[in-house]
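Here's the structure we're looking at; comments come further down.
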Amino acid sequence: MVQNRTSQWDAQTIACGASMPRTTVAELTADCDTAPTWADPAGTVVGVRSSRVTWVSKTLPVVLGDEAGRRDIDLDGNAVICHARAEVTIQQMRTQVEPMIHLVKMAAGTDPKVATTMLALDEAARLAHALLLAVDVARGISDESSIR
């Protein structure tokens, strides 16, 4: 089931143009440190210098059902609807000590450059805990009386 959903997502992102082509130059990265296990070889971004390598994971999409999507045309010229979504990736430049979590909101009328943030791992963990706490409190299944 998960594999089928992944295939559906891959087809949707290609149809919506969400997966922009990136230049992967294996020759320039051959002398680089070993890529992290989470890095997607197709997502490796190479700058004009091999020291400017940025490893990028595959995108984890989260559909935002209450946000407006957008109309688009797929590669075959068919009209499609791209659902609004949040996209989460792990990114790390070769010169960084640890990776960052990249979060972007993709929805109608939203400029991805404005709706983008990079979070340190500790920041991402605090945000994740805060969101889970807020959900528990809102659903009345938490013994927390307030969100701090």
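Structure notes:
- Selection of the stretch 115-133 for residues being over 15 Å from the mean Cα position of the chain (by Cα) and either at pLDDT below 85 or closer than 21 Å to Thr54 by Cα (or both) yields Asp122, Glu123.
- Condition broken by Leu28, with the remaining ones in (1) more than 17 Å from Ile90 (Cβ to Cβ); (2) at pLDDT 60 or above; (3) in contact with a helix residue (DSSP H, G or I) (Cβ under 6 Å, 6 or more places away or on another chain) satisfied: (2)
- If you filter the stretch 66-97 down to residues that are of a type in the set (Gly, Ala, Ser) and surrounded by 10 or more Cβ atoms within 10 Å (Cβ to Cβ), you find that the one that is farthest from Thr44 (Cα to Cα) is Ala68.
The values are calculated or read from the model by the stated rules, or taken from the named source; none is laboratory data. Please read these numbers as outputs of a predicted model, since none were measured by experiment. So basically every Cβ, Gly included, is an ideal-geometry build from the backbone, and we count neighbours across all protein chains shown.
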